[in-house]
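Contents: one structure, followed by commentary.
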């Protein structure tokens, strides 16, 4: 990052100010059961701008992620551009290792349920942001996961019993995130394409059938 709130991507400048506050719009309202269906796919005819953007993302975008070794960001963007639409599996254990606040939140919840029987956190929103005391975003815990997901929902379910005076806990961590572009996310300035591009233009690749939205999901069971 060249400065807080600004990301440089092969001459592309994405303004991400206030994105932390916007996440409540992206992830409001419960878990997967309450999620609206993915946007319609292949319902419009692609035009020259769509083909140009598709080419730019398939070349400059994916090449940049590979150069930076952002494997997860590249894999998810690649899956979008491959136009498959199938669910994409992500390992919650890897995500917790790479995003320390996620690990801490899960650990704290599980520790608080020691010896209490069955438990269920419900679906909780979280993200990769580093914030100051005032809630302002000052950085990212993982740029790879920032570009891959930035925000996602998670749920912790399990059972904790007391065996020989010691708590024994088995629990599952689930994650969920629709991979969708569009407003109110900030515009992207792509000089090589001659001007500012909205995320709606990226999302339009789904409508024209050149790319396809999908759901990121995964679960992992743990024992303590």
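Here are the numbers for this structure:
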read-out	value
Condition met for residue 108 (at pLDDT 95 or above, more than 17 Å from the chain's Cα centre (by Cα) and closer than 30 Å to residue 159 by Cβ)	yes
All strands (runs of 3 or more DSSP E) inside the range 132-180 with 2 or more residues being in contact with a helix residue (DSSP H, G or I) (Cβ under 9 Å, 6 or more places away or on another chain), over 15 Å from residue 73 (Cβ atoms) and in contact (Cβ under 8 Å) with a residue 40 or more places away in the chain	151-163, 166-179
Total residues in the range 93-108, condition surrounded by fewer than 17 Cβ atoms within 10 Å (Cβ to Cβ) and in contact with a strand residue (DSSP E or B) (Cβ under 6 Å, 6 or more places away or on another chain)	1
Leading residue by the ranking (surrounded by the fewest Cβ atoms within 10 Å (Cβ to Cβ)) among those in the range 181-224 that are within 14 Å of the chain's Cα centre (by Cα) and either assigned to a strand (DSSP E or B) or modelled with pLDDT of 95 or more (or both)	215
Selection count where residues are without any contact (Cβ under 8 Å) to a residue 40 or more places away in the chain and under 24 Å from residue 87 (Cα atoms), scope the range 35-56	3
Residue list for the range 205-224, filter: within 29 Å of residue 107 (Cα to Cα) and touching a helix residue (DSSP H, G or I) at 6+ places or on another chain (Cβ under 6 Å)	218, 220
Residue in the range 21-40 that is surrounded by fewer than 16 Cβ atoms within 10 Å (Cβ to Cβ), more than 20 Å from the chain's Cα centre (by Cα), at pLDDT 70 or above and in a loop (DSSP other than H, G, I, E, B) present	yes
Residues of the range 68-92 classified as surrounded by 14 or more Cβ atoms within 10 Å (Cβ to Cβ) and part of a helix (DSSP H, G or I), total	11
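The values are calculated or read from the model by the stated rules, or taken from the named source; none is laboratory data. Bear in mind that the values here come from a model prediction, so they are computed numbers and not experimental data. Note: ideal-geometry Cβ built from the backbone for every residue, glycine included; neighbour counts use all protein chains shown.
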